[in-house]
Structures are given as C-alpha cells and as structure tokens.
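I have placed the structure first, in the form of structure tokens, so that the comments after it can refer back to it.
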Amino acid sequence: MASGSGTIENVPRASRVGAIIVAAGSSSRMEKVDKTLLPLLGRSLFLHSLQEFNDSALVTRIVLVVSERNAYRCCQLVAQNRFDKVIDICVGGERRQDSVRRGLAMLGETEWTVVHDGARPCVDGAMIETGLREARDTGAAVAAVPVKDTIKAVGTGRVVTETLDREGLWLIQTPQVFRTDLLTAAHEEVSEDVTDDASMLERCGHAVKVFMGSYDNVKVTVPEDVSIVEAVLRGRGRAVPRLAQ
C-alpha cells in the first residue's frame, strides 16, 4: 500500500524518480494530423499520459519533450492544467533517442528515470509502480505484452520466408524504467539509430527485464488507433476533461 510519503514497498522513493515524456514525433503516419495535440475525449492526446505521471506519488519531476512547432501550445496547456511536477519543457531532436537525451539533460539529479511515449495515453499509475519495482532487479525494465498472433517473416514479392515461433516473443511498450546512471552511460556510448532506450542498454551489455504491460496500452501511430484508445479511456471514466484541453 502507498504510504503518506509517496513510497511503496520495494519501490524507489519518489524523490529519486524522474520521468521523461516524449511527444516530439513527426506524426508521419497520421495522415497529416499532428497527434500530440489531437483531441482525444476532450483533451489533447499527450495530456492523458502526462496526467498519470503528474498524479503518481512515485514521481517527483517530469520533463516534457515536444516538437518546436508545438512548444508554445504545450507550455500553455501544462500551465493551464497546473502540472506542478513538470520542471521543464524542451524541444526534441531529430531522432527519438536525441529527444530522450535532451530530456535526460534537463531532468537533473535522479536515481531512476522513467521514459514514456506521450502517444500512449492509456498508461496508468499501476503500470508506473510495477515498472519501478521490477527495475530494481537489473536496473532496467520495460513494459511489454506476449505476442498473441502468428508472426511470419516476409521477403521479396511479399512471399513468406519463415513462420516464427512466438513463444518468448513480446511486444515492447513504454513506460521503460532505468537506473539513471545506466541510461546516461548508454546514451553516451550508443550513437547508431535505435527504436527504444532499452535497445541501447542491450547493446551495452546490460540485462533488461520485461514486466507485464497491457494490451490496452496502445500507441497512437495511425488514425485507426484513435478509436481504440478512446474506447479504453472512456471505459476508465476519462471522457470529461479536468481542466484545459
């Protein structure tokens, strides 16, 4: 159970935990719709995940990383919603890992860093708590779900070359939780393109643990994803905006 100081057994103290919310993507697969500010049940998409981190008793400080074109509006929305844990809003880099690196530089001194995609609005406090608990084993833990569908490798002409054994295959999500020193060192060491921060630690030889995320923890990538996340959020009672949209 949570204590009055915002700690849970086997979870790092809140004063040691920072979060980086990455919302600086180009939205290239959203048919020219900027998903960061996309209205989702009365609120801009990124506000849903930011609210969960701001509400978490386990997180003390948050850095929001956004695109240059959205920086002014995002600053307005953070102020209007009174997200008191947001200590900085910075402009992201060319690649996702560049954006995380900039956020890490602004986060300040922490023992643990939680990295989350702002385009995953269905994160909740329980997932954040689980990630922080599981990361204590190896210094790195990522939300994931087991693959349910058959996976096939496809080659030239869309011809199947192999049917993969889905046993042991997981779909990786965020939040991803790291010891800050490990994450910082990985960003300093790895310069080639990666799709997530966990990949950087893997390349540096660090063990990364997975913890059970949620099949509802959908990332809004294409327009069809919007109705899915709206249904999930509506089921959680998030249909009415708390403050600014």
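I'm trying to understand the selection: among the residues of the range 179-196, which are assigned to a loop (DSSP other than H, G, I, E, B), among the β-branched types (Val, Ile, Thr) and under 16 Å from the mean Cα position of the chain (by Cα)?
Once the filter is applied, which keeps residues that are assigned to a loop (DSSP other than H, G, I, E, B), among the β-branched types (Val, Ile, Thr) and under 16 Å from the mean Cα position of the chain (by Cα), the range 179-196 yields VAL194, THR195.
Quick check on my filter: what residues within the range 135-163 are in contact with a Gly (Cβ under 9 Å, 6 or more places away or on another chain) and in contact (Cβ under 8 Å) with a residue 60 or more places away in the chain?
Those that are in contact with a Gly (Cβ under 9 Å, 6 or more places away or on another chain) and in contact (Cβ under 8 Å) with a residue 60 or more places away in the chain: ALA141, VAL142, ALA143, ALA144, VAL145.
For ARG61, only one of the following conditions fails: (1) under 23 Å from LYS219 (Cβ atoms); (2) under 16 Å from the mean Cα position of the chain (by Cα); (3) modelled with pLDDT of 95 or more. What is its number?
Checking ARG61 against (1) under 23 Å from LYS219 (Cβ atoms); (2) under 16 Å from the mean Cα position of the chain (by Cα); (3) modelled with pLDDT of 95 or more, the one that fails is (1).
Scan the range 174-195 for residues that are closer than 16 Å to THR138 by Cβ and out of contact with any Gly (no Cβ under 6 Å at 6 or more places or on another chain) and jot them down.
GLN176, PHE178, THR180, ASP181, LEU183, ALA185, ALA186
Please go through the range 50-65 and give me each residue that is in contact (Cβ under 8 Å) with a residue 40 or more places away in the chain, under 17 Å from ARG120 (Cβ atoms) and surrounded by fewer than 21 Cβ atoms within 10 Å (Cβ to Cβ), ordered by number.
Correct list: GLN51, ASP55.
Of the numbered conditions (1) modelled with pLDDT under 95; (2) within 24 Å of ALA198 (Cβ to Cβ); (3) crowded, with 23+ Cβ neighbours inside 10 Å; (4) not basic (Lys, Arg), SER44 fails exactly one; give the number of that condition.
It is condition (2) that SER44 fails.
What is the residue count in the range 197-240 for residues that are under 16 Å from the mean Cα position of the chain (by Cα) and small (Gly, Ala, Ser)?
Result for the range 197-240: 4.
Could you check ALA231 against (1) over 30 Å from ARG82 (Cβ atoms); (2) of a type in the set (Gly, Ala, Ser); (3) surrounded by fewer than 18 Cβ atoms within 10 Å (Cβ to Cβ) and say which number it fails?
(1)
Please count how many residues of the range 129-163 are closer than 27 Å to GLU224 by Cβ and β-branched (Val, Ile, Thr).
The qualifying residues number 9.
Among the residues of the range 187-206, which ones are surrounded by fewer than 18 Cβ atoms within 10 Å (Cβ to Cβ) and among the acidic types (Asp, Glu)?
GLU188, GLU189, GLU192, ASP193, GLU202
What about ASP165, is it under 21 Å from the mean Cα position of the chain (by Cα), farther than 28 Å from GLN51 by Cβ and loosely packed, with under 13 Cβ neighbours inside 10 Å?
No; evaluated as a whole, the condition is false for this residue.
Within the range 161-169, identify whether any single residue is in a helix (DSSP H, G or I), out of contact with any His (no Cβ under 9 Å at 6 or more places or on another chain) and small (Gly, Ala, Ser), and answer yes or no.
No.
The values are calculated or read from the model by the stated rules, or taken from the named source; none is laboratory data. Here the structure is a predicted model, which is why all the values come from computation and not from measurement. Every residue, glycine among them, receives a Cβ derived from its backbone with ideal geometry; neighbour counts consider all protein chains shown.
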